[in-house]
Amino acid sequence: MSIAETATAFQAYVQEMLHYQEALTLMEWDLRTGAPKRGAELRAEAIGTLSSQVFRMKTSDQMGDYLEKLGQVSADLDEVTRKSVREMQREYDLYRKIPEDRFHEFVVLASKSESVWEDAKRTSNFSLFQPYLEKIVDFTREFVEYWGYTDSKYDTLLDQYEQGMTVKQIDPIFTALRAETITLLQAIQNAGQRVSEEGFRRHCDVASQRKLSLRLLEQMGYDFNAGRLDETVHPFETSVNRYDVRVTTKFLPNDMRSALFSTIHEGGHALYEQGISPNLIGTPLAGGVSNGIHESQSRFWENFIGRSREFWEYNYKHVLEVFPSQFADISMDEFYRGINYVQPSLIRIEADELTYNLHIMVRYEIEKGLVDGTLAVKDLPEIWRARMKEYLGIEPDNDSEGVLQDVHWSDGSFGYFPTYSLGNIYAAQFAAAMAKALPDFKEQVRRGDLSQIRDWLRQNIHQYGKLRTPEEIVKQATGEDLDAKYLIAYLKDKFSALYGL
Ligand code: ZN
């Protein structure tokens, strides 16, 4: 076979795999959005079959053969094929470098461990989960040896979620951000301003909340002919294909902020997927490049736009339109304060914009320690409480609200947490670059015109899919390497004004 023929065969093979993947994505979306309960068990079996098929194709000798042949002539390939090969090679190595029996044992353990974690969390009993987590950590450390590492074992894990990211890069960024955040938090607490949240607890019917969510998505430029909005317990975005990018939100009758910000957040993820160049359809590059860059898009819309004063200067009238009695006695200014209320809390997913990153840093420090062997699993509850106290000034009474609160460690997803904060850091740096390119962008938000903002993101980030690495995207969109100073400046500005510091 000539190079061109091999490349064509490889592309057809990948496309077939992506078609199975598309069916899987749709079946999973359906399961989470209201598939009949009685069908769930059989559906799980069908999902199992299709997932195995995708896994087999990703790791097959046939795939290995394509990757080897095309890898040798990489310089002669067009960019899309070359980078598609690079992308599939990453996944191939991830599984093929691990002995099959060990990988199988791990998969069985991980699924058992997740259900044990659920029980442990429910009963707030860490000792139940401890032996499972110990095995998960042992497996992870063993796998890192197969995958290989240079500086730090943890880098190998980070790389799976944020290609190219290292401990060396993150450490100073997080250290600076932590110090500034803690200082700012203390100043806010000393200012002693209380914000009443009572107004948000008034009953708001779901139909009107839905109307508001749809209006905001429309304003963001979400393409409803290539997507839809549904309701789930845990909001998410999922890309069935390039022209079918769906979002879900969560409606709480007694706190309309839940749907508001879930919708904007997931809408931000969706705009990314809807903005990928159509030239990448049918290739493994037609998706967001990394967890951190993906999260930067959702956080940009949720926080930098959705929690800005300008956004509500335009949109508050829409809130009043659907909930005239509930918000009659609440001014736009009070509303703005209410959606930006800062208060240290025990639960990460309920944290405010400022303290959120401190929750991530607690987890990051622990993960590094577990992976390099300087921390023992049995000590985690105590370490957790100590770190929470040090960073946030509060500590949990029980492990359910402490070390057991997140699912991530139960299946060995180490390296994932930092990407949430990286998302915030990227978002701030993108926002700063955008403000240079569009000097009147706040004015535009105030007018409810978000089109140029969306276009800037599309131009500089979305269109590339996985064609560019996270590092290249940041560099080319902002002219600099990743730096926490933009997020620090943004947080200082915003919260100083809000709390009169
Ligand atoms: Zn997200």
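The values are calculated or read from the model by the stated rules, or taken from the named source; none is laboratory data. None of these values were measured; they are calculated from a predicted model. Note: ideal-geometry Cβ built from the backbone for every residue, glycine included; neighbour counts use all protein chains shown.
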Residue count for the stretch 221-236, restricted to those that are within 19 Å of the chain's Cα centre (by Cα) and closer than 13 Å to GLY275 by Cβ = 1
Report yes if VAL445 is part of a loop (DSSP other than H, G, I, E, B), at pLDDT 95 or above and more than 16 Å from the ligand (Cβ to nearest atom), otherwise no.
-> no
Within the stretch 391-426, residues being of a type in the set (A, V, I, L, M), touching a Pro at 6+ places or on another chain (Cβ under 9 Å) and not in a loop (DSSP other than H, G, I, E, B) number 2
Meets criteria (surrounded by 13 or more Cβ atoms within 10 Å (Cβ to Cβ) and β-branched (Val, Ile, Thr)) for VAL108 | no
Return the total of residues in the stretch 20-36 being under 12 Å from GLY48 (Cα atoms) and in contact with a strand residue (DSSP E or B) (Cβ under 8 Å, 6 or more places away or on another chain).
-> 1
Every pair of residues 6+ apart whose Cβ atoms lie under 8 Å, when the first sits in the stretch 468-491 and is farther than 16 Å from SER421 by Cβ while the second is outside any loop (DSSP other than H, G, I, E, B) and among the basic types (Lys, Arg) = ASP481/LYS475
Restricting attention to the stretch 6-62, the residues that are farther than 16 Å from MET88 by Cα and not in a helix (DSSP H, G or I) number exactly 4
Just one of ASN424, ASN460 is surrounded by fewer than 22 Cβ atoms within 10 Å (Cβ to Cβ) and in contact with a Phe, Trp or Tyr (Cβ under 8 Å, 6 or more places away or on another chain); which is it?
-> ASN460
Members of the stretch 303-332 that are away from the ligand (no atom under 16 Å from the Cβ) and under 18 Å from LYS494 (Cα atoms) = SER308, ARG309, GLU310, PHE311, TRP312, GLU313, MET332
Residue pairs within 7 Å by beta carbon, gap of at least six or interchain, first lying in the stretch 292-304 and among the aromatic types (Phe, Trp, Tyr), second more than 10 Å from the ligand (Cβ to nearest atom) and assigned to a helix (DSSP H, G or I), listed first then second, are PHE300/ALA427; PHE300/PHE430; PHE300/ALA431; TRP301/MET220; TRP301/ILE264; TRP301/GLY267; PHE304/ALA427; PHE304/ALA431
Could you grab me the full set of residues in the stretch 35-88 that are within 21 Å of GLU100 (Cα to Cα) and basic (Lys, Arg)?
-> ARG56, LYS58
Inter-residue pairs, beta-carbon under 7 Å, first more than 17 Å from GLY412 (Cβ to Cβ) and in the stretch 85-107, second of a type in the set (Phe, Trp, Tyr) and outside any loop (DSSP other than H, G, I, E, B), 6+ apart = none
Residue satisfying condition, being surrounded by 15 or more Cβ atoms within 10 Å (Cβ to Cβ) and more than 19 Å from LEU482 (Cα to Cα), within set ILE173, ILE98 = ILE98
State yes or no: is PHE300 part of a helix (DSSP H, G or I), within 15 Å of the ligand (Cβ to nearest atom) and among the aromatic types (Phe, Trp, Tyr)?
-> yes
